[in-house]
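The values are calculated or read from the model by the stated rules, or taken from the named source; none is laboratory data. Predicted model only: the values in this text are computed from it and were never measured. Cβ coordinates were reconstructed from backbone atoms using ideal geometry, including for glycine residues, and neighbour counts include every protein chain displayed.
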């Protein structure tokens, strides 16, 4: 901004002193802006636009200066995820031929993150989950060969789309289960969480046809203390947190998922005042420092599990201790950048602003954007 | 509201004193609300929703208690008008098969004002004017047999749709002209305003094919003082106002339109302070009292012609005098009810509220709604 | 993992107390208020004209407010602000064929009721009176208790308009 | 109708003075400010976070504000707030094939320029920085000077996204 102002100030000086000497503005032509090259601080903010639900969008911003870079339309309850290599923004969505009526068609769309143009559009079964854009409702395989899409009719199933060959491959029924947790070590495997507390693991072949499915032991208790489905991931290890604040470390790499560890998020002293996790995209993990970040609110009670973050807590995965608590700016969604010293970006669900925090050596608020988005709830970085 | 509160208060008393005696709420079933019967104070507010332009809508409200009664979706830049008998809401609009892309189709839709359901959907040439929903961009004939729709490519033409037989009839080219001014006395005739200051009058046959067109003399000067295209109407007489505030009374009933009278809106004293007309739907006329109402702002200057109404002025058409000036609540759109003693409803373009005024014996502010609409600019009453 | 069992027992006991022994009007002073009549509302915006926030100076039986008792697990636009009522979809829309369930305490009789939330469908989203209440709400692996999904799924037009609250009966096990 | 001629002459003279003899920075203090970064803006909302209303404490060369000189007849979302620039459409959108014209005074050199306003098309409407400026704007019977219409008409996708301002040259007749 200050550079720009300086230029303007110079311009004004010229004008005031030598206005007659200024040449006319030369005739201009219109063109299309070239998107600035991607960098780890480019932000993708998915906005369901509930008040105009057929017209969802992803806002794309530069996370350093918060300049708005463009948008991608996402249709009706689009489910959105960056490809594993961040070259594409994936969007599973539905359209009606006459806006809110007529014939329905559904597609997996792939938009280039280089220029925001549509690269591929693959017809899919017309039952993608018309859900809030949770992490895990659409997921690429680690090699970007396949894309998995959560369906709901409300019966649950998962579509396997062969992104590489641009074709729908198969559909796996997953009754009573939800969310897609791809394995990092096996490119043809993903797990899903089931209401009976088990995890179901599906392995498919190179054509995208299921070859095996196996159910884990009961890993959590959905009646007494449900796990949030949005998890944070280091390779095959997923970190979940429960409504009451129990961290679950679950390995989804094998034929069946395994609970490796679980422990309460914070000491008795930390939790005094009824601190609980809350929000939508409420958890993130840094694989380098092995720190877990969770949005927390005090006075937790039945029904408070979507309350915005009053604080962000950092948990050291080695010592299992809360090592820092910081004001949470009403976070309802957060993500870490893909850097060795990651920044944390969070979305304020009350004021619709994006906040940038340093995390190394410790969390520190850096900057905040103007308001952006109407009904946003998922934030991703390139 | 007070009735409702009273009922609740009684309910609470029961609870406090005899709570054990209250029977359980009986199991309920879901149903569709029956729209309250229409009355002259039912309001239709057209909202372009520019920020989600594929998802426009009409808000329908009870203009006495401002209860929200429902909405009709209007697609992409829908042009909207009540039928002459108010039994239908007409909407000329476009859809893309995939939201913002794919195949485009255009329709004249007719929604029942009894229950808001779609009664007819007639394909039209894919060039309806994607314009703000000005009065006159779509107009029914006085007998509701035909509907006229303004087109733009940007070359101007008008589609004639046979509403009765549910078919597109013909298209009339109207180069350099704009807006539809139907005759009340000849059900197969309408005029349009041209940039050279003439009016073009088109007469068609019972099949909706043009049989005659004739051009008037120059009735106004679009260079020096353009006429606003939104006019107020008593039968074949249309009242226009110019940017600078000259009222033009023009008869469109004959084969060619004729300027009957013109005079300045207000005395020199009235106009002191630079008062000019402004807004979108800025004029209304009461055929009983023969009073014309115009939204006015002070400090008028080049470019101020869309400024919201700082005042509403009432002009007596017999004496040509301004008989009342009243605070205008930032009106950008206004309409009179179809009653012998009409009420004036206006839409505040700054606060998005609907205001209700008495007009007989004189204008008096009666009530105001909560905010409604995002980008509304046309108000109609049943 | 004895610590876990202890932790759980203590925690769940306190949840049970909180959720079933609340006084008749205890739910009135809510932490979040998300009512708004016009502009798109952020998921947790409390700044709207009609928000009473933490105050108690509003009518607990006003069915155009998020605090109205039946809405205890409702995430969506209130049909009462959209031309419908507590139990009716607005004119021109159609009711969803599937629904989710909440259990809400009626301050008038102190009883808990099973409430079925149906979405109204097929008309552009209403966009008024957005609420986000989550008593008893669970993730989508317990689909019937989940509200972050469009229950118009399966309708001829799945476009979401608003949400109604139908009492199915008392929750006798919670009385 | 002699009164009309007199009336006209007097009035038009005063318009001419107002519009062509304004000082270099005269347009800065504008009556209406319609800038907003996020929420849908009403046609004449002045309440947004970025509105400076009648004050003069903003940068007259800030191209994300309605007061920027080139926008003197622009009705729409500024592409500078949507990922484009004054003269470029945001990535993924396409430029309209037709446009409307304004004549705006550049405060830097005091000259009037012909500005061609193109809409950018084919991407969901941006919804940011809505402006409504109307110097020289005329009704649609003078289509090339009209801004209450979607200039994406005629494009493959006519969906409106935002608007840019292209200088075509000086308006020598107004200098």
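Brief remarks follow.
- For the condition touching a strand residue (DSSP E or B) at 6+ places or on another chain (Cβ under 7 Å) and facing chain B (nearest Cβ under 9 Å), residue D:116 does not qualify.
- Residues in the range A:135-152 that are more than 29 Å from residue D:122 (Cβ to Cβ) and surrounded by fewer than 22 Cβ atoms within 10 Å (Cβ to Cβ): A:142, A:143, A:145.
- Residue in the range B:342-350 that is more than 24 Å from residue B:40 (Cβ to Cβ), free of Cβ contacts under 8 Å to residues at least 24 places away in the same chain and either touching a helix residue (DSSP H, G or I) at 6+ places or on another chain (Cβ under 9 Å) or surrounded by fewer than 22 Cβ atoms within 10 Å (Cβ to Cβ) (or both) present: no
- Just one of (1) part of a strand (DSSP E or B); (2) crowded, with 23+ Cβ neighbours inside 10 Å fails for residue D:114. It is (2).
- Subset tally (residues that are assigned to a loop (DSSP other than H, G, I, E, B), surrounded by 24 or more Cβ atoms within 10 Å (Cβ to Cβ) and free of Cβ contacts under 8 Å to residues at least 40 places away in the same chain) for the range D:136-153: 1
- Residue match in the range C:79-95 (condition: at pLDDT 95 or above, within 11 Å of chain A (Cβ to nearest Cβ), touching a helix residue (DSSP H, G or I) at 6+ places or on another chain (Cβ under 9 Å) and closer than 21 Å to residue A:48 by Cβ): yes
- Matching option when the condition is within 11 Å of chain A (Cβ to nearest Cβ), surrounded by fewer than 24 Cβ atoms within 10 Å (Cβ to Cβ) and modelled with pLDDT under 95, among C:156, C:108: C:156
- For the range A:311-336, a tally of residues being surrounded by 21 or more Cβ atoms within 10 Å (Cβ to Cβ), within 14 Å of chain C (Cβ to nearest Cβ) and over 16 Å from the mean Cα position of the chain (by Cα) returns 3.
- Look at (1) buried (at least 19 other Cβ atoms within 10 Å of the Cβ); (2) in contact with a strand residue (DSSP E or B) (Cβ under 6 Å, 6 or more places away or on another chain) and you find that residue B:195 fails only one, number (2).
- Some residue of the range B:345-362 being more than 24 Å from residue B:38 (Cβ to Cβ), away from every other protein chain (no Cβ under 14 Å) and touching a strand residue (DSSP E or B) at 6+ places or on another chain (Cβ under 9 Å): yes
- The set of residues in the range B:166-179 being outside any loop (DSSP other than H, G, I, E, B) and either surrounded by fewer than 24 Cβ atoms within 10 Å (Cβ to Cβ) or away from every other protein chain (no Cβ under 14 Å) (or both) consists of B:167, B:168, B:169, B:170, B:171, B:172, B:173.
- All told, residue D:131 falls short of being out of contact with any helix residue (DSSP H, G or I) (no Cβ under 9 Å at 6 or more places or on another chain), more than 7 Å from every other protein chain (Cβ to nearest Cβ) and within 29 Å of residue A:60 (Cα to Cα).
- The range C:134-166, residues that are farther than 27 Å from residue A:157 by Cα and out of contact with any helix residue (DSSP H, G or I) (no Cβ under 7 Å at 6 or more places or on another chain): C:166
- Any chance residue D:166 is facing another protein chain (nearest Cβ under 7 Å), part of a loop (DSSP other than H, G, I, E, B) and closer than 30 Å to residue B:221 by Cα: no
- Residues satisfying the stated conditions in the range B:338-352, i.e. under 16 Å from residue B:312 (Cα atoms) and modelled with pLDDT of 95 or more: B:342, B:343, B:344, B:345, B:346, B:347, B:348
Table: residues versus (1) assigned to a strand (DSSP E or B); (2) under 27 Å from residue A:298 (Cα atoms); (3) at pLDDT 95 or above.
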| position | (1), (2), (3) |
| --- | --- |
| A:187 | no, no, no |
| A:213 | yes, no, yes |
| A:218 | no, no, yes |
| A:229 | no, yes, yes |
| A:254 | no, no, yes |
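- Check on residue B:262, modelled with pLDDT of 95 or more and touching a helix residue (DSSP H, G or I) at 6+ places or on another chain (Cβ under 7 Å): yes
- Any hit, the range B:284-302, residues being at positive phi, modelled with pLDDT of 95 or more and either within 13 Å of chain D (Cβ to nearest Cβ) or part of a loop (DSSP other than H, G, I, E, B) (or both): yes
- In this structure, residue B:147 does not qualify as more than 14 Å from chain C (Cβ to nearest Cβ), within 27 Å of residue B:283 (Cα to Cα), outside any strand (DSSP E or B) and modelled with pLDDT of 95 or more.
- Residue C:97 part of a strand (DSSP E or B), touching a residue at least 60 places away in the same chain (Cβ under 8 Å) and farther than 28 Å from residue A:374 by Cβ: no
Matching residues to (1) buried (at least 18 other Cβ atoms within 10 Å of the Cβ); (2) within 14 Å of another protein chain (Cβ to nearest Cβ); (3) in a strand (DSSP E or B); (4) touching a helix residue (DSSP H, G or I) at 6+ places or on another chain (Cβ under 7 Å):
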residue: B:125; (1), (2), (3), (4): no, yes, no, no
residue: B:133; (1), (2), (3), (4): yes, yes, no, no
residue: B:154; (1), (2), (3), (4): yes, yes, no, yes
residue: B:160; (1), (2), (3), (4): yes, no, yes, no
residue: B:164; (1), (2), (3), (4): no, no, no, no
